[in-house]
Amino acid sequence: MAIYTLPDLPYDYASLEPVISGEIIELHHDKHHAAYVKGANDTLDRLAEARDKDAWDSINGLEKNLAFHLSGHILHSIYWRNMTGDGGGEPLERDGTGELADAIAESFGSFAKFKAQLSKASATTQGSGWGVLAFEPVSGRLVVEQIYDHQGNVGQGSVPLLVFDAWEHAFYLQYRNQKVDFVEAMWRVVNWQDVAARYTAARTNAAALTLAP
């Protein structure tokens, strides 16, 4: 039985145009994201088989595959809801996202400085990866992470709030090799309501996530 399932998009394929074409969204969601879901489920089946047979010759590869596919599934599931055709700008008190705005200013100095850091982290990924705004529960602050593939170079326990997909399949059909242009355009579709809700949930459960007093 499959454990992970491909979530439905919260909008039509063309809803993020002109920032992201409907063709890219369709291929990205229906093909790439679906492949990560299948990969995670297939790896779980192979791990179950290894346990039943007490056969561990492939354990290193299986654990790596699970981390890759599961992280890809999780990040993409956040990515779709981090975006809206009515998004953009920055979090503001009058929009009900004031606590997130305050946290960004406290952690990075200003929204402009945060935007510059996340943009640079996303645009300079070597090969495939992500730029991520995350909540770090030990300090209770926000951090920017530059993720390799889907699972590398992250702080354990951090909770992703806003994710920028910097893999070529996220933009190449439309932006070609201009990753910087794609990252800049992404700010026009950020769903700050979704990011703020994730921040509230992460902060509320910080005590359960924190490993040290």
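The values are calculated or read from the model by the stated rules, or taken from the named source; none is laboratory data. In this text the structure is predicted, and so the values were computed from the model without any measurement. So basically every Cβ, Gly included, is an ideal-geometry build from the backbone, and we count neighbours across all protein chains shown. What goes into the accessible areas is simple: the full protein's heavy atoms, side chains included, and nothing from ligands, DNA or RNA. Shrake-Rupley method; radii C 1.70, N 1.55, O 1.52, S 1.80 Å.
Which helices, counted as full DSSP H runs in the chain, have an axial Cα extent of no less than 30 Å and a Kyte-Doolittle average of -1.0 or above? Can you show the working numbers first?
Working: long enough: 59-81 (33 Å, 0.01).
Both cut-offs are met by 59-81.
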| Environment charge of Lys120, counting only residues whose C-beta is closer than 12 Å and scoring Lys/Arg +1, Asp/Glu -1 | +2
| How long are the three semi-axes of the equivalent ellipsoid for the chain, computed from the Cα gyration tensor as the root of 5 times each eigenvalue, in whole Å, largest first? | 29, 23, 16
| note | Given backbone amide H placed at 1.01 Å from N, residues whose amide H is under 5 Å from that of Gly129, ignoring those fewer than 5 places away on the same chain, are Asp149, Ala166, Trp167
| query | Just from its helices, what would the mean residue ellipticity at 222 nm be for the chain, if runs of 4 or more DSSP H residues each count -39500 (n - 2.57) and the sum is divided by every residue, rounded to the nearest 500 deg cm²/dmol? | reply | -14500 deg cm²/dmol
| query | If you wrap a convex hull around the Cα atoms of region 105-200, how much volume per residue is inside, in Å³? | reply | 94 Å³
| said: Could you work out what % of the accessible surface of the chain is carbon and sulfur, using a 1.4 angstrom probe and leaving DNA, RNA and ligands out of the count? | reply: 50 percent
| said: Taking 8 Å as the Cα distance limit and 6 or more residues as the minimum spacing, I'd like the relative contact order of region 37-138 as a percentage. | reply: 15 percent
| remark: Candidates Gln156, Gln146, Gln174; GNM for the chain (alpha-carbon contacts under 10 Å) flags as most fluctuating Gln156
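I need the chymotrypsin sites (Phe, Trp or Tyr not before Pro) found in region 51-126, filtered to DSSP loop residues with at most 13 other beta carbons within 10 Å of theirs. Present the calculation step by step, with values, prior to reporting the outcome.
On the way: sites: Trp56, Phe68, Tyr79, Trp80, Phe108, Phe111, Phe114; in loops: Trp56.
Counting only loop positions with at most 13 other Cβ atoms within 10 Å, the chymotrypsin sites (Phe, Trp or Tyr not before Pro) in region 51-126 are Trp56.
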| said: If N is the number of residues in region 83-133, what value comes out of its Cα radius of gyration divided by 2.2 N^0.38 Å? | reply: 1.28
| task | Kindly provide the Kirkwood hydrodynamic radius of region 15-135 in Å, to one decimal, from all pairs of distinct alpha carbon atoms. | result | 17.4 Å
| request: Quick one: P(r) of region 103-154 from all Cα-Cα pairs, 10 Å bins, percents rounded to integers, in order of increasing distance. | output: 27, 50, 22, 0
